[in-house]
Amino acid sequence: WQEFYAEKPFVRVVDDVPASRHVRGSNYCLLAAFDDRIDGRVILFSTLDNLVKGSSGQAIQNMNLMFGFDETAGLQQQPLYP
């Protein structure tokens with residue numbers, strides 16, 4: 001998982017189950033993957049802020065790409081959680 005998302009600026013793979021407070025006010029998506037007790041199955045947890053990552057942040061990210069700006073421009077603020 002770490003390798004696959006290494007070049008993605010807004011996806012962070014974490015070791016513990018992510019909580020929404022960890023991404024509040026940010027454009028980040030946190031992912032955590034765990035082996036299930038059933039062989040060959042993985043349990044995946046993800047969390048994101050539905051306002052920033054969901055709607056308004058997506059609009060900014062798309063605009064950046066459309067106009068040739070850096071994809072992360074205006075979206076790299078840290079989460080509001082202390």
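Here's how it looks for CYS29: its modeled amide H is under 5 Å from those of VAL11, ARG12, which are all 5 or more places away or on a different chain.
Largest GNM mean-square fluctuation among GLY57, GLY25, GLY40, using the chain with Cα springs under 10 Å: GLY40. Based on C-alpha pairs under 8 angstrom that are at least 6 apart in sequence, the chain has a relative contact order of 29 percent. Think of it as helices only: each DSSP H run of n ≥ 4 in the chain is worth -39500 (n - 2.57), and spread over all residues that comes to -3500 deg cm²/dmol at 222 nm.
Couplings 3J(HN,Hα) for the range 7-22, derived from phi with the Karplus relation 6.51 cos²θ - 1.76 cosθ + 1.60 (θ = phi - 60°), are 8, 8, x, 10, 10, 10, 8, 10, 8, 10, 4, x, 10, 4, 5, 6 Hz, where x marks Gly and Pro.
Bear in mind that the values in this text are calculations on the coordinates, not laboratory data. For clarity, every value in this text was computed on a predicted model and none was experimentally measured.
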